[in-house]
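The values are calculated or read from the model by the stated rules, or taken from the named source; none is laboratory data. Not measured: the values here are computed from a predicted model. Cβ placement follows ideal geometry from the backbone for every residue including glycine, while neighbour counts extend to all protein chains displayed.
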Amino acid sequence: MSIMSPAERARERAVAIAVLADLALCGPFVAVAIWSGSLTMIADGVRGTLLICVGLVSYATLRNINRRRTGNFEYGTAKLEQAVSILIAMMLVVAACFIIYKIATKVPAASETGNAAYLATFFVTFNLFLNTAQMLSLRRAARDGASIIVVSQYRARIAKTIGSVVVVGCVALDQLAGDMMLSYWADIVGSTVVAVIMLTTTYGMLKEAMPDLLDRSLAEPMQMEINKVLAQFFDEYDDIIRVRSRRLGNGAEVEITLTFEGDRPFSQIAGILDRMRAALTQALPGAQIVLVPQPAGHHVMA
């Protein structure tokens with residue numbers, strides 16, 4: 001059973017609380033949005049609902065990563081995290097397209113101030129405070145940049161919070177102004193801003209996630225550092241079966257498969273691996289190091 005570090009627990013808790021808070025507000029928010037007829041609020045509700053779905057996937061993925069349950073993935077956890085980031089981006093595109101369609105088909109209509117208008121204003125204001133609180137929580141969890149999932153959730157929450165500021169102003173004008181054209185343009189402006197923010201967020205997330213989703217070799221100086229460590233421990237292992245390395249954001253991911261003579265005790269092999277991992281971590285700060293021991297004579301297909 002894997003023991004999580006305090007930082008991993010904090011990251012997992014921050015994402016869980018953010019998703020649960022969104023879930024609690026989602027139903028009433030969408031219901032009031034439909035009742036009030038505010039396109040801006042409906043757009044924000046659609047975006048929020050889609051991000052909840054992705055947030056649940058992100059949380060489940062983060063739990064598996066923290067518990068080291070990634071054996072079904074061919075090469076570490078980084079690709080998995082980047083794939084989730086791309087999923088978030090794609091869902092934002094879907095939401096933005098829906099909003100643009102509704103903007104194009106909207107026509108001015110008389111608006112009345114009533115219970116629906118007051119509730120709509122209350123819910124978007126409450127949603128702004130909720131998003132701000134969750135943004136600050138995710139900021140603390142994402143500060144070390146160790147989890148791409150948490151960083152992606154934090155950036156998505158920033159966009160959502162900024163959008164919520166605009167939504168509050170536009171929904172208040174739309175629902176409470178009592179002027180048909182003012183309400184119409186407030187709704188159009190609010191919806192457009194929400195769509196632009198989502199597309200901008202999507203671009204940033206895809207720009208960062210796509211290159212790292214593809215395997216990229218480490219720069220030669222970093223490969224030399226790996227070779228130096230392998231040479232340093234040359235007399236302590238039998239053979240090198242495979243060395244795989246690639247860039248991972250600002251760091252690296254390194255997987256080395258080594259063979260050891262079968263008569264060596266496990267405690268001795270574990271000690272060698274621990275020292276080698278420490279040396280690699282010192283040579284490549286921030287790198288994710290995976291060392292795989294195999295018995296001598298055992299060959300692995302690359």
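Checked against the criterion of being modelled with pLDDT of 85 or more and surrounded by 14 or more Cβ atoms within 10 Å (Cβ to Cβ), the range 76-95 has at least one qualifying residue. For the range 1-47, the tally of residues that are assigned to a loop (DSSP other than H, G, I, E, B) and closer than 21 Å to MET91 by Cβ stands at 0.
State the number of residues belonging to the range 261-289 that are surrounded by 14 or more Cβ atoms within 10 Å (Cβ to Cβ) and at pLDDT below 85. Working first, answer last.
First pass over the range 261-289, keeping only residues surrounded by 14 or more Cβ atoms within 10 Å (Cβ to Cβ): 264, 269, 272-273, 275-277, 279-281, 283-284, 287-289.
Filter once more, so that each one left must be at pLDDT below 85: 264, 284, 287-288.
So the answer is 4.
Residue-wise test of (1) free of Cβ contacts under 8 Å to residues at least 60 places away in the same chain; (2) surrounded by fewer than 24 Cβ atoms within 10 Å (Cβ to Cβ); (3) in the same structural domain as ALA186 (by TED's automatic domain parsing).
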| position | (1), (2), (3) |
| --- | --- |
| ALA21 | no, yes, yes |
| LEU25 | no, yes, yes |
| PRO28 | no, yes, yes |
| ILE34 | yes, yes, yes |
| SER38 | no, no, yes |
| MET41 | no, no, yes |
| ARG47 | no, no, yes |
| TYR59 | yes, yes, yes |
| ARG63 | yes, yes, yes |
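Can you find a residue in the range 17-39 that is hydrophobic (A, V, I, L, M, F, W, C), at pLDDT below 85 and under 22 Å from THR125 (Cβ atoms)?
Of all residues in the range 17-39, those hydrophobic (A, V, I, L, M, F, W, C) come to 17-21, 23-26, 29-35, 39.
If we keep only those that are at pLDDT below 85 too, we end up with 39.
This time we only want the ones that are under 22 Å from THR125 (Cβ atoms), so: 39.
Yes, there is a match, as at least one residue in the range 17-39 is hydrophobic (A, V, I, L, M, F, W, C), at pLDDT below 85 and under 22 Å from THR125 (Cβ atoms).
Scanning the range 171-191 for residues that are more than 14 Å from MET41 (Cβ to Cβ), in contact (Cβ under 8 Å) with a residue 12 or more places away in the chain and assigned to a helix (DSSP H, G or I) yields MET180, MET181, TYR184.
Against the test of being modelled with pLDDT of 85 or more and not assigned by TED's automatic domain parsing to the domain that holds LYS102, the options VAL243, VAL196, VAL229 yield a single qualifying residue, VAL229.
When restricted to residues that are part of a helix (DSSP H, G or I) and charged (D, E, K, R), the range 141-162 contains 3.
Could you please give the count of residues in the range 153-183 that are hydroxyl-bearing (Ser, Thr, Tyr) and either touching an Asp or Glu at 6+ places or on another chain (Cβ under 8 Å) or not assigned by TED's automatic domain parsing to the domain that holds VAL93 (or both)? Break it down into steps so the answer makes sense when it comes.
First, pick out the residues of the range 153-183 that are hydroxyl-bearing (Ser, Thr, Tyr): 154, 161, 164, 183.
Add one more test, that the residue is either touching an Asp or Glu at 6+ places or on another chain (Cβ under 8 Å) or not assigned by TED's automatic domain parsing to the domain that holds VAL93 (or both), and what stays is 164, 183.
Total satisfying the criteria: 2.
Beta carbons closer than 8 Å, at least 6 apart along the sequence or on distinct chains, pair a first residue in the range 232-259 that is more than 20 Å from SER147 (Cβ to Cβ) and in a loop (DSSP other than H, G, I, E, B) with a second that is of a type in the set (Gly, Ala, Ser) and at pLDDT 85 or above for PHE233/ALA279.
Residues that are charged (D, E, K, R) and either modelled with pLDDT of 80 or more or part of a helix (DSSP H, G or I) (or both) within the range 101-140 comprise LYS102, ARG139, ARG140, listed in sequence order.
Got at least one residue in the range 142-160 being more than 12 Å from the chain's Cα centre (by Cα), more than 30 Å from ALA116 (Cα to Cα) and touching a residue at least 12 places away in the same chain (Cβ under 8 Å)? The answer is yes; a qualifying residue exists.
Answer with yes or no whether GLY169 is at negative phi and crowded, with 21+ Cβ neighbours inside 10 Å. It is false that GLY169 is at negative phi and crowded, with 21+ Cβ neighbours inside 10 Å.
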